[in-house]
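Structure first, then comments.
The values are calculated or read from the model by the stated rules, or taken from the named source; none is laboratory data. Only a predicted model underlies this, so the values are computations on that prediction, with no experimental measurement involved. FYI the Cβ positions are ideal-geometry reconstructions off the backbone, even for glycines, and counts take in every protein chain you see. Side chains are part of the model used for accessible areas, which takes the heavy atoms of the whole protein and leaves out ligands, DNA and RNA. Shrake-Rupley method; radii C 1.70, N 1.55, O 1.52, S 1.80 Å.
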Amino acid sequence: MTAPDPARLHDRVLIIDFGSQVTQLIARRVRESGVYCEVHPFDKAEALLDDFNPKAVILSGGPSSVTEAESPRIGTKVFKLGVPVLGICYGEQLMCDLLGGKVEGGHDGEFGRADIVIARESPLFAGIGAVDHREPVWMSHGDRVTAIPQGFEVIATSVGSPFAAIADEQRRFYGVQFHAEVVHTPRGAQILRNFTHGIAGLDGDWTMATFKQEAIARIRDQVGSGRVICGLSGGVDSSVAAVLIHEAIGDQLTCVYVDTGLMRLGESEQVVSLFRNHYNIPLVHVDASKEFLGELDGVSDPETKRKIIGRVFIEVFDREAAKVEGAEFLAQGTLYPDVIESVSARGGPSQVIKSHHNVGGLPDFMKLKLVEPLRELFKDEVRALGRELGMNDAFVGRHPFPGPGLAIRIPGAVSADKVAVLQQADAIYLEEIRKAGLYDKIWQAFAVLLPVKTVGVMGDARTYEDVCALRAVTSTDGMTADFFEFPWEVLGRAATRIVNEVKGINRVVYDVTSKPPGTIEWE
């Protein structure tokens, strides 16, 4: 008997993506309230409505103007399903345009912080405030709704939006001009919960405990008596995937850990000990550090380095995987953001969802069937699953680490000596962060060995050595990031220790740049 898709055991919300850079945040907020949801691009959404059978639909924001002929659109089928629909920003404007309202460009937009004033009672604002209550929100729109469709009423206004929130309570259609999903709308999560739980009547039964049991059943059904190999990187995603699969099929799983020589100090030893000794999972440890460093010798272009690492990783992994008799399946730690980004609203399906070390793709000659037990989960959900599996919180709570490892934290050419220097500096930096009790307040912290040398005086000697940069960022989602405001004494201790204890570094700087949506890595 085929195990059911875990997602189909729960009520589901469909999020239709019109290209907003924060669409994933809508999904995260809905998931956080215990409701399963999926994001699908606007041009694929209508075709899957019948099969998906959503209990509610959310229309995302987007960068386009509804008034433009080439703007992303859907038909009216979604409004004939008999389920609640919520339009956010562009989603509200499109809803109005499709249902007989009017949207105009050329008005002064609203960007950043604003206040809405509740104009009438609505279940969308339950627990938020009474009539005339002012509520802070985050706006980001240039067009303006100038007429709402028949059956709709205004439930909130703002200085720049006379239709900041609208509702057709009878049909359960709602539109908000602000972004309820971002942290800058303080009670946006409550508004979304009002929509999913109060208006749509969903139970919120999406938990990691139930996911774990359902995923185990699905893995057993997919694999049967076959053998699975897992490319273990030592990171959180592949590690949680490995422990979950092992709980499902035991020794039918073999993990292959390719040691690139580009890991953090002592990390390879920790990974091998954890999986062999603690979890008793069959593990093949391949020390390929000389092979990787040899291929990287003299290479300074960051993208070329990534491609080399991806190619060598696949070559080494395939060589070792061939030694595992009867292997039919390849396990990967693909996450839901990887799936979403591979089929974006403004692009199209990419050739690779995710690959080993996040670079390159699996070549055709690797005739293995994929097992991706985490492909429905966001990063925070993976961490929660790891805890549900009994994994050490210090392990599952570790900062993200790039697939290419320290190679992209050494701008310029990579060498064994540079890797050793950076490993020591990075270890001291993280140790001081942990001592200060700041590790869990930071999304990602790491050291970078810059391709710059400076003159310094240490004691009575003149030095000419490398500069080390320290970076630490805060983030709620990994999509945007801001620098972490360290207490100066913590930075001072870390910098002093690095200069004194790491031979080859005579100066330390702290990077205080912020990052817009996109990668938060150094290169």
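Points worth noting:
- Greater than 25 Å apart at Cα, pairs in Lys305/Lys441; Lys290/Lys369; Lys55/Lys212; Lys44/Lys305; Lys323/Lys369; Lys77/Lys212: Lys305/Lys441; Lys290/Lys369; Lys44/Lys305; Lys77/Lys212
- Based on Cα contacts under 8 Å between residues 6+ apart, the stretch 226-276 shows a relative contact order of 41 percent.
- Exposure rank, largest accessible area first [Leu124, Leu389; 1.4 Å]: Leu389, Leu124
- Rounded if a/c under 1.5, otherwise prolate or oblate - the stretch 142-225, Cα gyration tensor axes: prolate
- Cα shape, the stretch 124-185, gyration tensor, a/c 1.5 rule: oblate
- Charge tally around Ser225: other residues with Cβ under 15 Å, Lys/Arg +1 each, Asp/Glu -1 each, net -1.
- The overall shape of the stretch 64-157 is oblate: from the C-alpha gyration tensor, with semi-axes ordered a ≥ b ≥ c, the ratio a/c is 1.5 or greater and a/b is no larger than b/c.
- Element breakdown for the chain at a 1.4 angstrom probe: carbon and sulfur atoms account for 50% of the accessible area.
- The relative contact order of the stretch 384-455, computed from alpha carbon pairs under 8 Å that lie at least 6 residues apart in sequence, is 36 percent.
- Per residue solvent-accessible surface (Å²) - the stretch 23-68, probe of 1.4 Å: 33
- Annotation note: trypsin sites (Lys or Arg not before Pro) in the stretch 276-330 located in DSSP loop regions with a Cβ neighbour count of at most 13 within 10 Å are Lys323.
- Considering only alpha-carbon pairs that sit under 8 angstrom and 6 or more positions apart, the relative contact order computed for the chain is 11 percent.
- Kyte-Doolittle at least -1.0, axis length at least 18 Å by Cα - qualifying DSSP helices, the chain: 208-223, 236-249, 302-321, 416-435, 488-501
- Solvent-accessible heavy-atom area per residue, rounded to whole Å², over the stretch 127-209 at 1.4 Å: 40
- Dipole in debye (nearest 20) - the chain, about Cα centre, beta carbon charges: Lys, Arg +1; Asp, Glu -1: 380
- Of all DSSP beta bridges in the chain, antiparallel share, percent nearest 5: 50
- For Gly397, net neighbour charge (Lys/Arg +1, Asp/Glu -1) across residues whose Cβ lies under 12 Å away: +3
- Helical content alone sets the calculated 222 nm signal of the chain at -9000 deg cm²/dmol, taking -39,500 (n - 2.57) per DSSP H segment of four or more residues and averaging over every residue.
- Applying a DSSP loop filter and a limit of 15 other Cβ atoms within 10 Å to the trypsin sites (Lys or Arg not before Pro) in the stretch 25-124 leaves Arg73, Arg120.
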